[in-house]
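K.L.:
Here it is, the structure in full.
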Amino acid sequence: MEKLTFIFLMICSSIIYAQTLCDGVPFVSLGTFNVCNTDPWVLVFEDNFNGDSLDLSKWSYGWRNLYCNDEQQYYTSGDNIEVSNGTLKLIAKRDTIYARAVDWLPDDEILYCGLTNRGQNARYFYYTSGNIQTIRTFSYGKFEARIKIPKGKGFWPAFWMFGGDPVYNEIDVFEFVNENDNEGNYDSSKLSKVHHMTIHYDFDGDGNKSQCATKYTGVDFSQDFHVFSLIWDENKIEWYVDGILKRTDYKYYTTLLQPTGCTINANMIYILNKIYTKDPMYIILNLAIQSGSNSPNSSTPFPSQMEVDWVKYYQRNPCQDVNIADASQYPLDIKIFPNPNEGSFIVDFGSKDYRNYNIAVTDMEGKLIKSFKELNSSTLNIDLSDNTKGVYVLYLLNNQDKNIITHKIILQ
């Protein structure tokens with residue numbers, strides 16, 4: 001089967017709802033299965049910030065400084081984070097502080113972003129702010145927070161989830177940044193009104209990250225609290241604001257770029273959306289400061305705060321913490337070894353019932369290399385020695401719960 005790549009990007013500046021497929025690869029179904037789940041939601045995690053300090057059993061202080069991300073602030077461990085009167089405040093201040101951008105590196109270490117020299121690790125910061133993330137990670141479910149953002153040139157508030165390397169996953173529930181007019185000049189009239197919704201991904205794990213972004217112009221979100229929600233399940237990701245749907249991304253599309261509905265049919269070709277996130281992620285709340293021409297100006301009010309009334313996470317009933325995972329990162333009963341290998345490896349189901357599984361192996365372009373629909377042993381030896389050296393993807397489909405486990409296979 002030849003490689004098919006579809007690019008279907010809808011750029012949304014002032015629309016109510018967007019459906020996006022940024023990039024895709026062919027997907028061959030191993031069997032007919034249902035991808036929809038309408039079970040009721042069950043509250044699994046929440047913080048209403050009713051105390052007088054951050055609950056460190058739920059949250060940790062986030063990264064100090066994202067020096068590769070064109071941010072200027074230094075994130076402190078508490079000085080810019082306040083819990084009072086039933087809300088969390090992440091407070092941006094115009095402060096001067098001399099500190100390490102990366103805590104664990106020496107003062108004189110030179111930091112690089114790719115090949116770009118970003119200067120000495122110890123440096124002066126002229127802004128401080130707050131950044132927190134959950135102690136635990138979360139998979140499929142509904143993520144919600146009631147938030148009021150600050151207003152001012154240079155502020156960069158965000159509510160997002162991140163899964164980290166080596167499999168890069170990030171979903172931005174919202175970001176608000178400076179906006180430009182049609183001539184490319186800073187437009188103060190758009191401050192706190194343009195809601196960015198973005199997925200960052202690295203489909204093949206080669207370190208080259210991509211993104212699929214959508215935005216729209218809404219109300220001034222700094223004037224009041226609003227409920228920002230994201231539903232991430234096995235088949236689609238949806239963004240809502242105050243209960244109104246703003247964007248949808250599906251995991252599978254037909255070859256005509258239509259959503260599949262609830263049923264994936266055996267032996268049909270679908271488009272697998274490359275952006276679809278795979279692994280559990282932390283919930284992150286932060287207030288960053290932009291740099292360069294986007295820096296604050298004399299009209300930017302300091303101190304200012306992003307105020308959070310509550311954060312909640314729900315799962316479908318019955319609850320499952322991890323529905324899909326990369327087997328190289330999470331402990332599974334199913335073992336795949338050796339990996340890397342020279343063309344042959346073993347899938348050992350251990351105590352798992354191997355009869356519940358189908359297996360497929362594709363190359364990184366989505367081309368089906370081998371498939372196994374009826375297994376007759378708890379161990380299976382897969383021979384790829386006739387194929388070129390490189391990276392392949394092993395799919396394990398559980399026919400009972402329709403969950404898919406992916407595993408990267410390296411032939412060397």
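The values are calculated or read from the model by the stated rules, or taken from the named source; none is laboratory data. As the structure is a prediction and not an experimental result, all values here were calculated from the model. All Cβ positions, glycine included, derive from the backbone under ideal geometry; neighbour counts span all protein chains shown.
K.L.:
Out of (1) at pLDDT below 90; (2) part of a loop (DSSP other than H, G, I, E, B), what's the single condition that is false for Ala360?
P.N.:
Against the list (1) at pLDDT below 90; (2) part of a loop (DSSP other than H, G, I, E, B), Ala360 comes up short only on (2).
K.L.:
Take the residues of the stretch 262-294 that are closer than 30 Å to Phe155 by Cβ and hydroxyl-bearing (Ser, Thr, Tyr): which is surrounded by the most Cβ atoms within 10 Å (Cβ to Cβ)?
P.N.:
My answer is Thr277.
K.L.:
Now for a different question. Quickly run through the stretch 379-394 and pick out the residues that are in contact with a Ser or Thr (Cβ under 8 Å, 6 or more places away or on another chain) and modelled with pLDDT of 85 or more.
P.N.:
Asn381, Ile382, Asp383, Leu384, Ser385
K.L.:
Then there is this: Answer with yes or no whether Val28 is at pLDDT 80 or above and β-branched (Val, Ile, Thr). Please lay out each step first, then the result.
P.N.:
Numbers: at pLDDT 80 or above: no; β-branched (Val, Ile, Thr): yes.
The answer is no for Val28.
K.L.:
For the stretch 81-107, which residues satisfy the criterion of being surrounded by 14 or more Cβ atoms within 10 Å (Cβ to Cβ), within 15 Å of Asp55 (Cα to Cα) and of a type outside the set (A, V, I, L, M)?
P.N.:
Glu82, Thr87, Lys89
K.L.:
Within the stretch 98-108, can you find the residues that are assigned to a strand (DSSP E or B) and either without any contact (Cβ under 8 Å) to a residue 24 or more places away in the chain or in contact with an Asp or Glu (Cβ under 7 Å, 6 or more places away or on another chain) (or both)?
P.N.:
Across the stretch 98-108, the qualifying residue is only Arg100.
K.L.:
Tell me which residues, restricted to the stretch 249-278, are under 17 Å from Met161 (Cα atoms) and of a type outside the set (A, V, I, L, M).
P.N.:
Those that are under 17 Å from Met161 (Cα atoms) and of a type outside the set (A, V, I, L, M): Asp249, Tyr276, Thr277, Lys278.
K.L.:
Restricting to the stretch 260-283, and then to whatever is in a strand (DSSP E or B) and of a type in the set (S, T, N, Q), can you tell me which residue is farthest from Glu170 (Cα to Cα)?
P.N.:
Top of the filtered list is Thr263.
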